[in-house]
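S.K.: Below you'll find the structure I mean.
The values are calculated or read from the model by the stated rules, or taken from the named source; none is laboratory data. Please read these numbers as outputs of a predicted model, since none were measured by experiment. FYI the Cβ positions are ideal-geometry reconstructions off the backbone, even for glycines, and counts take in every protein chain you see.
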Amino acid sequence: MFPFYMGINETKYAWMDEGWATIGEWLISPMIDSSLVDLYGVFPTALNAGKETDLPIMTLSNEQRAAYFTNSYPKPAMGYLYIRDYLGDALFTKALHHYIRNWNGKHPMPNDFFYSMNEGAGQNLNWFWKKWFFEVGVPDLAIKNVRKKGKKVEVTIENKTGLPLPVDLNFYYADGTKEKLHYTIGVWKTGKQYFKLRFTPKSALKKLVLYDAHTPDSYPKDNTYSWE
């Protein structure tokens, strides 16, 4: 794995190594078997977020106890996954290669990674790095409101804590079929609390569910809206 090629100090910044190993597992598993969904660390992230033992990812790894696992493995992996989704595969790969070329064997620190990714992508991604890596955040999206406007349905999604998360709205129809709408973390870039989306259902709806395998939610009870 390239973290060894870079010469990262895993003792202090385990997430700069193990986070890549984790996202690798998530992405490679379905390539081996399309029925596999690797959920490694997703539930513990949702369960432990916001508790007294929770700490920012940027906390030195050798000074962590209870938060070591989530801050070293799933949380940074989610950060990488969400930025990849936001930038798109091509631009994300370009930015990552820029970081690797500039810092291989030079023992990069966290800010070297963040600034190199910004430079390689040609974008200021600090709005995301700050929220995801430097602060304690609780993942909590909710379906705030649903209303019909003619043939369209308008859904208001609330980001209850401000932590940037992808929005994945699953539509379950009365005939047993389903669809999904996906929006990247970019919908929260300006710091807004609500995001409205509109769609035209193909037939009678049964329920709406906010869910994706790699998007944790600490309070999933408000992620479903049902017409039953």
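S.K.: Tell me which helices (runs of 4 or more DSSP H) are completely within the stretch 68-116 and hold 1 or more residues being assigned by TED's automatic domain parsing to the domain that holds ILE8, under 13 Å from PHE133 (Cβ atoms) and in contact (Cβ under 8 Å) with a residue 40 or more places away in the chain, or say none if there are none. Before the answer, list the steps.
M.R.: Values: elements: 68-72, 74-87, 89-103.
In the stretch 68-116, the matching helices (runs of 4 or more DSSP H) lie at 68-72, 74-87.
S.K.: Consider TYR115 carefully, then state whether it is among the hydroxyl-bearing types (Ser, Thr, Tyr) and either over 22 Å from TRP26 (Cβ atoms) or surrounded by fewer than 16 Cβ atoms within 10 Å (Cβ to Cβ) (or both).
M.R.: Criteria met by TYR115.
S.K.: I'd like the residue in the stretch 159-217 that is surrounded by fewer than 16 Cβ atoms within 10 Å (Cβ to Cβ) and of a type in the set (Asp, Glu) and, out of all such residues, is nearest to THR70 (Cα to Cα).
M.R.: GLU179
S.K.: Going by what's in this entry, would THR190 be described as part of a loop (DSSP other than H, G, I, E, B), under 26 Å from TYR86 (Cβ atoms), out of contact with any Gly (no Cβ under 8 Å at 6 or more places or on another chain) and not acidic (Asp, Glu)?
M.R.: When the stated conditions are applied, THR190 passes them.
S.K.: Filter the stretch 136-163 for residues that are out of contact with any Gly (no Cβ under 9 Å at 6 or more places or on another chain) and more than 19 Å from VAL209 (Cα to Cα); which is modelled with the highest pLDDT?
M.R.: LYS151
S.K.: Go through (1) out of contact with any Asp or Glu (no Cβ under 7 Å at 6 or more places or on another chain); (2) more than 19 Å from PHE113 (Cβ to Cβ); (3) of a type in the set (S, T, N, Q) one by one and return the number of the condition SER29 breaks.
M.R.: (1)
S.K.: Being among the acidic types (Asp, Glu) and either in contact with a Gly (Cβ under 6 Å, 6 or more places away or on another chain) or not in a loop (DSSP other than H, G, I, E, B) (or both): is that true of ASP54 here? Steps first, please.
M.R.: On the way: among the acidic types (Asp, Glu): yes; either in contact with a Gly (Cβ under 6 Å, 6 or more places away or on another chain) or not in a loop (DSSP other than H, G, I, E, B) (or both): no.
Judged against the criteria, ASP54 is not a match.
S.K.: Looking at the stretch 39-80, which of its residues are surrounded by fewer than 21 Cβ atoms within 10 Å (Cβ to Cβ) and in contact with a His (Cβ under 9 Å, 6 or more places away or on another chain)?
M.R.: LEU39
S.K.: Using the structure shown, decide if LEU47 is more than 24 Å from GLY7 (Cα to Cα) and part of a helix (DSSP H, G or I).
M.R.: Working: more than 24 Å from GLY7 (Cα to Cα): yes; part of a helix (DSSP H, G or I): yes.
It is true that LEU47 is more than 24 Å from GLY7 (Cα to Cα) and part of a helix (DSSP H, G or I).
S.K.: Follow-up. Do we have LYS130 as assigned by TED's automatic domain parsing to the domain that holds PRO44, surrounded by fewer than 15 Cβ atoms within 10 Å (Cβ to Cβ) and either farther than 30 Å from SER72 by Cβ or of a type in the set (Lys, Arg) (or both) here?
M.R.: On the way: assigned by TED's automatic domain parsing to the domain that holds PRO44: yes; surrounded by fewer than 15 Cβ atoms within 10 Å (Cβ to Cβ): yes; either farther than 30 Å from SER72 by Cβ or of a type in the set (Lys, Arg) (or both): yes.
Judged against the criteria, LYS130 is a match.
S.K.: So which residues in the stretch 129-181 are β-branched (Val, Ile, Thr) and assigned to a strand (DSSP E or B)?
M.R.: ILE143, VAL146, VAL153, VAL155, THR156, ILE157, VAL167
S.K.: Same structure again: For the stretch 6-38, enumerate the residues that are in contact with a helix residue (DSSP H, G or I) (Cβ under 7 Å, 6 or more places away or on another chain), hydroxyl-bearing (Ser, Thr, Tyr) and surrounded by fewer than 17 Cβ atoms within 10 Å (Cβ to Cβ).
M.R.: THR11
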